[in-house]
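The values are calculated or read from the model by the stated rules, or taken from the named source; none is laboratory data. Here the structure is a predicted model, which is why all the values come from computation and not from measurement. Every residue, glycine as well, gets a Cβ built from its backbone with ideal geometry; the counts of neighbours run over all protein chains shown. Just so you know, the surface numbers come from the protein's heavy atoms only, side chains and all, with ligands and any DNA or RNA stripped out. Shrake-Rupley method; radii C 1.70, N 1.55, O 1.52, S 1.80 Å.
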Amino acid sequence: MTERLPIFPLNAVLYPGLVLPLHVFEERYRRLVADLLAGPEDQPRRFGVLAIKDGREVAPVTESDEPAGPLDGLGTATGDPLEALHHIGCVADVASITPQQDGRYELLITGTTRFRLREVETGGPYLTGRCELIEEEQGTGAGALAGGVERAFRAYQKRLAGARQASLTGDQELPDDPQVLSYLVAAASVLEVPVKQQLLACPDTTTRLSTELELLRRETALLAWLPSVPAVELTRQAFSPN
């Protein structure tokens with residue numbers, strides 16, 4: 001099943017079931033939001049979020065008064081946006097849109113379904129793409145792996161809190177569903193975008209949990225060697241200016 005969607009490139013990864021706030025200020029993405037608002041009220045307001053492989057979210061500042069084009073900021077030396085974006089993304093369902101007096105928007109989006117970008121169009125003010133929706137697969141042994149990932153994640157959180165000179169206020173309740181757990185752990189772990197993208201692109205829940213178990217054990221061991229001071233490179237969180 002395919003669907004044509006507006007594309008919102010980010011220097012971050014959106015996962016199914018996870019919520020992300022967005023501050024929309026560039027003209028091209030304000031147009032995207034305006035087009036969503038202009039659609040029928042009974043239709044879902046959705047767009048595709050793709051992590052940027054080469055480039056940045058915000059177009060570089062120029063002396064021209066022309067608004068940024070759909071490819072500005074992306075590393076498209078070949079002219080092909082498919083080279084600048086990861087091809088596995090997540091459909092974003094817009095939960096709320098709050099217009100600002102200066103024309104900007106505050107969005108709250110929720111990840112719903114993964115997709116594979118098949119084609120991209122660059123003729124409008126923002127990118128649009130033909131997106132093939134990906135059906136979720138559980139895989140074999142996801143339930144057994146989930147317990148190990150939960151324990152490893154709790155150990156990782158404690159080590160991470162120590163590296164940040166923070167404290168944990170009791171154990172957080174984690175979901176029982178292996179698929180939901182796999183996406184929550186992926187979103188909550190402090191990992192580089194390519195690693196987070198790798199987790200999003202895993203073919204099934206079992207593969208994702210298995211990969212996370214290895215990553216969590218490695219990261220926890222690394223944190224054990226750090227002094228109890230904030231580790232800038234390790235503890236930085238992804239930030240989206242859009």
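Of note:
- Anisotropy class of the range 46-145 from Cα gyration tensor, a/c 1.5 cut: oblate
- Which of 140, 112 is most accessible, then next, and so on - probe 1.4 Å: 140, 112
- Accessible area of the chain divided out per residue, in Å², using a probe of 1.4 angstrom: 52 Å²
- Three-way shape label, the range 68-198, alpha-carbon gyration tensor, a/c 1.5: prolate
- Note, ³J(HN,Hα) from phi for the range 154-161, Karplus 6.51, -1.76, 1.60, rounded to Hz, x at Gly and Pro: 5, 5, 4, 4, 5, 5, 5, 4
- Residue 7 contributes an accessible area of around 0 Å² to the protein surface, as traced by a 1.4 Å probe with all chains present.
- Ligands, DNA and RNA left out, the accessible area of the chain computed with a 1.4 Å probe is 50% carbon and sulfur.
- Counted by Cβ distance under 10 Å from residue 189, the other residues give a net charge of -1, where Lys and Arg count +1 and Asp and Glu count -1.
- Distant-in-sequence amide contacts of residue 48, defined by a placed amide H-H separation under 5 Å and a gap of 5 or more residues or a different chain, comprise 7, 8, 92.
- Here the mean projected area of the convex hull built on the C-alpha positions of the chain is 15.3 nm².
- Rounded to whole Hz, the Karplus (6.51, -1.76, 1.60) HN-Hα couplings of the range 46-52, x for glycine and proline: 9, 8, x, 9, 10, 6, 7
- Residue-averaged 222 nm ellipticity for the chain, from DSSP H runs of 4+ at -39500 (n - 2.57), nearest 500: -10000 deg cm²/dmol
- With DNA, RNA and ligands ignored, accessible area of residue 119 (1.4 Å probe; Å², nearest 10): 80 Å²
- Accessible surface for residue 53 stands near 110 Å², nearest 10, in the context of the full protein assembly shown (1.4 Å probe).
- Heavy-atom SASA rank of 83, 66 (probe 1.4 Å, accessible area, largest first): 66, 83
- A cut-off of 5 Å between modelled amide H atoms, ignoring neighbours fewer than 5 places along the same chain, links residue 95 with 108, 109, 110.
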